[in-house]
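Report on one structure; see the data block that follows.
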Amino acid sequence: MRIIYLSLQNSAACNVLEISMADTFLSRLKGLLGTAELAENQGLLLCNCNSVHMIGMRYALDIIYLDKNRVILKIVENLKPWQVSYCLSAKDALEVKRGTIQRLNWKVGDQLQLTKKGAKPS
């Protein structure tokens, strides 16, 4: 999987997350199944995905649904194993460690910035 860096547009460098991109059918299908809990500054971007299932997961996640411009459309905090969530108008879904949304103070309408590996936002 490709790695990118993500932050709230115009935010401090300490709020940068390392994101793995799931941009194929198989990588989206597998998602985070079988993984240990995410580190505080890690996540998974499910490209071209507007729903998330937690079937088979062992830990809860925060989910952020994004439009094509990476604007936050919907936030789901603490989605527990065996639950399902969706946002029909979303282009992508971002999975992060439970508590990340509150820690970074992200809100609906905020725009996220993505850059390639090695080019962390300033």
Practice task
Could you list, in sequence order, all residues of segment 87-104 that are among the basic types (Lys, Arg) and either touching a His at 6+ places or on another chain (Cβ under 8 Å) or over 17 Å from Glu37 (Cβ atoms) (or both)?
Solution key: Lys91
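Conditions tested, residue by residue: (1) modelled with pLDDT of 95 or more; (2) more than 11 Å from the chain's Cα centre (by Cα).
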| site | (1), (2) |
| --- | --- |
| Leu33 | no, yes |
| Gln42 | no, no |
| Met57 | no, yes |
| Leu61 | yes, no |
| Leu66 | yes, no |
| Ile72 | yes, no |
| Val76 | yes, no |
| Ser85 | yes, yes |
| Ser89 | yes, yes |
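On the basis of being crowded, with 18+ Cβ neighbours inside 10 Å and either within 16 Å of Ala93 (Cβ to Cβ) or among the polar types (S, T, N, Q) (or both), does Leu46 make the cut? First the steps, then the outcome.
On the way: crowded, with 18+ Cβ neighbours inside 10 Å: yes; either within 16 Å of Ala93 (Cβ to Cβ) or among the polar types (S, T, N, Q) (or both): yes.
Yes.
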Exercise for the section: With the condition kept exactly as written, say whether any residue in segment 22-38 is out of contact with any Asp or Glu (no Cβ under 6 Å at 6 or more places or on another chain) and assigned to a strand (DSSP E or B). Expected result: yes
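Listed here are the residues, each with its yes/no results for (1) farther than 23 Å from Gly109 by Cβ; (2) of a type in the set (Asp, Glu).
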{"residue": "Met21", "(1), (2)": "yes, no"}
{"residue": "Ala36", "(1), (2)": "yes, no"}
{"residue": "Glu40", "(1), (2)": "yes, yes"}
{"residue": "Arg58", "(1), (2)": "yes, no"}
{"residue": "Tyr65", "(1), (2)": "no, no"}
Completion exercise
Contact list, first residue from segment 25-49 and among the acidic types (Asp, Glu), second anywhere and in a helix (DSSP H, G or I) and at pLDDT 85 or above, beta-carbon distance below 9 Å, six or more apart or interchain, is Glu40/Thr100; Glu40/Arg103
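The values are calculated or read from the model by the stated rules, or taken from the named source; none is laboratory data. For clarity, every value in this text was computed on a predicted model and none was experimentally measured. Quick reminder, even Gly has a Cβ in these numbers, built from the backbone with ideal geometry, and neighbours come from all protein chains shown.
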